[in-house]
1. Here is a list of conditions, (1) touching a residue at least 40 places away in the same chain (Cβ under 8 Å); (2) farther than 23 Å from Asn299 by Cβ; (3) crowded, with 20+ Cβ neighbours inside 10 Å, and Arg138 meets all of them except one; can you say which number that is?
2. If the requirement is being of a type in the set (A, V, I, L, M, F, W, C) and out of contact with any strand residue (DSSP E or B) (no Cβ under 6 Å at 6 or more places or on another chain), which of these qualifies: Ile217, Ile264, Ile268?
3. Kindly provide the set of residues from region 57-71 that are open to solvent by less than 10 Å² (accessible area, probe 1.4 Å) and over 19 Å from Gly308 (Cα atoms), ordered by number.
4. Assuming Arg24 fulfils every condition listed in (1) farther than 17 Å from Val137 by Cα; (2) touching a residue at least 24 places away in the same chain (Cβ under 8 Å); (3) open to solvent by 50 Å² or more (accessible area, probe 1.4 Å) apart from one, which condition is it?
5. Of the conditions (1) at pLDDT below 95; (2) open to solvent by less than 10 Å² (accessible area, probe 1.4 Å), Met317 satisfies every one except a single condition; which number is it?
6. If I ask for residues that are among the β-branched types (Val, Ile, Thr) and open to solvent by 10 Å² or more (accessible area, probe 1.4 Å), which ones from region 116-135 would you list?
7. Residues in region 209-242 that are of a type in the set (Gly, Ala, Ser) and free of Cβ contacts under 8 Å to residues at least 60 places away in the same chain: how many?
8. Name every residue in region 88-115 that is open to solvent by less than 10 Å² (accessible area, probe 1.4 Å) and over 18 Å from Leu26 (Cβ atoms), in order of residue number.
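The values are calculated or read from the model by the stated rules, or taken from the named source; none is laboratory data. All values reported here derive from a predicted model rather than from experimental measurement. When we count neighbours, we look across all protein chains shown, and the Cβ atoms used for this are built from the backbone with ideal geometry, even at glycine. Heavy atoms of the whole protein, side chains included, go into the accessibility calculation; ligands, DNA and RNA do not. Shrake-Rupley method; radii C 1.70, N 1.55, O 1.52, S 1.80 Å.
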Amino acid sequence: MDKFSDQKRAVQYLYPPIDPFDQRMLDVGQGHRIYVEQCGNPDGVPVVVLHGGPGGGCSPAMRRYFDPEVYRVILFDQRGCGRSRPHASVTHNTTWHLVDDIELIRRELEVDDWIVFGGSWGATLALIYAQAHPDHVRQLVLRGVFLMTQRELDWFYGGGAGKFWPEVWAKFTGLIPEDERDDLIEAYRRRLFSGDMTIETRYARAWSAWENALASIYSSGSTGESPGEYARAFARLENHYFANAGFLEFDGQILAHVGRIAHIPGVIVQGRYDMICPPDSAWALSEAWDSCELRMVRNAGHALSEPGISAELVRTMDRIAGR
């Protein structure tokens, strides 16, 4: 889960815009090619940025959370989204494919170990990757923690968040017949994978609008219509992952395996009023992970671009650079 609304509000905290010094398409197998870029200092501290969604793609703004004199910033679009191809494809697209892709990027770029920086679904993926490859992670920096549990999905797609945004929830559920509303992820899945591009795009925009409306604490609940191509990739991929419980072995796996990263220092930046990924998941993770610091940002929601979130993330990366 992740969106990027209200970016102008946070711009004062970010480093100036920067262009990549390297851009490439990497063949990761199974018919997938993913977009990878590097910016900043080619000899700097490597940091890999994991975007949200699943299906959100990386954006130029993500380059700006890091001092370009210090960091070698590596961004990529996960399978099926952004500039990666095939677009909106869920074939051979699971969490474990993405973990393997991250490792392939690390080897391709000749990185021994790196800082892993991710928000929302990117935080989920960062934790799973670190638990699978702890020797290659020197630090974790997470924002808007999502532990990929059924409880969290029930909150967002089962009516919990809808109690705070009833008028937006009514729009999201209103497209689905009443007899299918007991499982909205499945109901939307049938339409997002109907094979009819018009239907898929219509429901993709509705799926994206529900999340986008709740991303920022400054939201009025109304959102512009997402471009059809973006919305279709975002909604299909996110729905595919959520319908399959993140392809984890069991519910609660990330928290159960936190011992695997006990030695890795981490920082969690969490919005106090995050409607998409409520703070109790970040709290539970910080309580189980002794080498982790939790920084709760008041007057902030979920979006990367919340002013308080952006400011804290930049401060965090500057502190790490100073060390």
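1. Evaluating Arg138 over (1) touching a residue at least 40 places away in the same chain (Cβ under 8 Å); (2) farther than 23 Å from Asn299 by Cβ; (3) crowded, with 20+ Cβ neighbours inside 10 Å leaves (3) as the failure.
2. On the way: Ile264 fails: out of contact with any strand residue (DSSP E or B) (no Cβ under 6 Å at 6 or more places or on another chain); Ile268 fails: out of contact with any strand residue (DSSP E or B) (no Cβ under 6 Å at 6 or more places or on another chain).
The conditions single out Ile217.
3. Within region 57-71, Gly57, Tyr71 meet the criteria.
4. Single failed check for Arg24: (2).
5. Exception for Met317: condition (1).
6. Matches in region 116-135: none.
7. Total meeting the criteria: 9.
8. Listed by number, the residues that qualify are Ala88, Thr95, Ile115.
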